[in-house]
């Protein structure tokens, strides 16, 4: 019997599938389907220092093989998360990742300090949200800014620090190296690709924010390519995400260099996807005599 | 269990008006949980998102879903054959609050009409006012009558029923009713809410582009102010689709 558990920064996950931030709320709605321990972990909805209302609707548009979203970080704030959501989440027997976004470096550091004294297992630095005017991605698109924010937050963060990278950059491997050099413990990648859809009858963008972040199966090959490039550039583990929809995708992304995976958009199509993907990975491992998930990571044989 | 995603068998797929189809789908576990005003999220082959469709009627082992072909997803649904299996997440959302011994006026506009049938079946002798653009789009009139409702039909162009809007009829009947429930386009709902304000309670069912359907992804936002709470961006799929009209900021 294959062992689906993975260890990242000394933290054991029961299986390699983590719910991606923004697709899973704080878990309660999905607990109606299955015990949340079905997932190795949950990356919670992105939180900010103060509550945020988010963008006006519509916030979503369907695309070929994917969706665009521009929620704009609607969330109840870090204090609410720690007091109201985290105690319940910690009882669900799964690893909890707090995803944080801010307007300023000080915001990020203040949140990292609050979360350092909480029960979260990881802090995920969201410097790649494309859907807010300030905060997020302006920290994530140059080596200098990624290095600076990673270094600053790391000094305030007692939890392992996961830095979530934006794909909307020229050379993601260089950005990943800067994050690693400045103290990132893990890279998570990729956030959404910026996109746009227009209603040809009204000539209006479908999303009120005009542009949104593209996710779903359509971005999968881009994610695999970028994970492979980063795997070859850094030594810290990578949590891969971007369009994983079936177990074959999961195995493929692990082979590209991911140590664990986040899944998101597929949950809107099939809330039971994590159960099915884990079953498929397990069967693949049994059939191929693979004992540990880590034995798949980075095993691509490039030409 | 409040909701789940399970396989249903498509029992009937009938075209009941121009571009409008009526499904009956069967499953032993979920239909009995449905309440009027709730919806179902239908998985469509090859589409990333499910299609949220209001529940037109339900019994212990079947749901009736009436939908309009609006894009590729509903087009695929319209071509499915009885006997096919379809995965449906249901029942979802917060439905209409119907109380005994009250005279209800149920108002539906266009494709907002279907959820009012299941609602009519929960009321005693309701008045049902429905409005359509033109006679080719008129649906469910016989079903409402069979449910014991008094029906008033309006069309924008006068091609069937009364030439005019549902709001014209509502203004006349306002003195005879205790509460209003409405589903349809936002301008219609706003006008109905204005007529009811200060006179009778009004509940409205809203529509918004949705993602997960259960309140986790926060994409179907609607600015609302609960009676005793602060205004916030609620989720139409979870806090709605039915709201008290006075809670809703129709313009935002």
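Bear in mind that the values in this text are calculations on the coordinates, not laboratory data. Note that the structure is a prediction, hence the values are computed from the model and not measured. Counting neighbours? That spans all protein chains shown, and the Cβs are built from the backbone with ideal geometry, glycine included.
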Problem - Percent of C-alpha pairs per 10 Å bin, segment B:39-149, short to long - result: 13, 42, 33, 11, 1
Practice task
Determine how many Å³ per residue the convex hull of the Cα atoms of chain B encloses.
Solution key: 125 Å³
Problem - segment B:4-92, Cα convex hull volume normalised per residue, Å³ - result: 83 Å³
Practice task
Give me a single rounded figure for B:1-7: the average over its residues of other chain Cβ atoms within 10 Å of their Cβ.
Solution key: 3
Practice task
In a Gaussian network model over chain A where Cα atoms closer than 10 Å are linked, find which of A:196, A:253, A:226 has the largest mean-square fluctuation.
Solution key: A:196
Completion exercise
By Cβ neighbour count within 10 Å, fewest first, A:59, A:28 rank A:28, A:59
Completion exercise
Cα-based Rg/(2.2 N^0.38 Å) for the protein assembly as shown, rounded to two decimals, is 1.03
Exercise for the section: Please state, to two decimals, what the Cα-based radius of gyration of segment B:124-170 comes to when divided by 2.2 N^0.38 Å (N = residues). Expected result: 1.09
Handout entry: Averaged over A:12-23, number of beta-carbon atoms from partner chains that fall within 10 Å
Key = 1
Handout entry: Relative contact order (%) - segment A:6-295, alpha-carbon pairs under 8 angstrom, separation at least six
Key = 19 percent
Fill in the blank from the handout: Cα extents of segment A:6-295 per principal axis, largest first, Å, are 52, 48, 40
Completion exercise
Expressed to one decimal in nm², the mean projection of the alpha carbon convex hull of segment B:104-247 is 8.9 nm²
Problem - Candidates A:249, A:121, A:171: whichever shows maximal mean-square fluctuation once chain A is modelled as a Gaussian network with Cα springs under 10 Å - result: A:171
Completion exercise
Check: C-alpha center segment A:199-272 vs C-alpha center segment B:114-131, spacing in Å is 44 Å
Problem - Computed [θ] at 222 nm, helices only, for the protein assembly as shown once each DSSP H run of length n ≥ 4 contributes -39500 (n - 2.57) - result: -6000 deg cm²/dmol
Completion exercise
One finds, for residue B:199 and residue A:246 with R0 = 45 angstrom and r their Cβ-Cβ distance, a FRET efficiency to the nearest 0.05 of 0.25
Problem - Label point at residue B:9 placed 7 Å out along Cα→Cβ; residues across segment B:48-66 whose backbone nitrogen lies under 19 Å - result: B:58-65
Handout entry: For segment B:4-92: relative contact order, % (alpha-carbon pairs under 8 angstrom, 6 or more apart)
Key = 41 percent
Practice task
Over the whole of A:260-271, what's the average partner chain Cβ count within 10 Å per residue? Rounded to a whole number, please.
Solution key: 4
Problem - Rounded Å value of the spacing that divides the Cα centres of segment B:4-60 and segment B:168-237 - result: 23 Å
Exercise for the section: Return the Cα extents of segment A:6-58 along principal axes one, two and three, sorted largest first, each rounded to a whole Å. Expected result: 39, 28, 17
Practice task
Order the peptides A:94-101, A:289-296, B:42-49 from the highest to the lowest mean number of other Cβ atoms within 10 Å of their residues.
Solution key: A:94-101, B:42-49, A:289-296
Exercise for the section: State, to one decimal in nm, how far the label point of residue A:211 lies from the label point of residue B:29, with both points 7 Å from Cα in the Cβ direction. Expected result: 4.3 nm
Fill in the blank from the handout: Exposure-ranked with fewest Cβ neighbours within 10 Å first, A:228, A:303, B:23 stand as A:303, A:228, B:23
Practice task
Pairs of Cα atoms under 8 Å, at least six residues apart: use those to get the relative contact order of segment A:8-50, whole percent.
Solution key: 50 percent
Completion exercise
Taking 0.36 nm per residue of separation between residue A:198 and residue A:295 and subtracting their Cα-Cα distance, the length gained on full extension comes to 30.5 nm
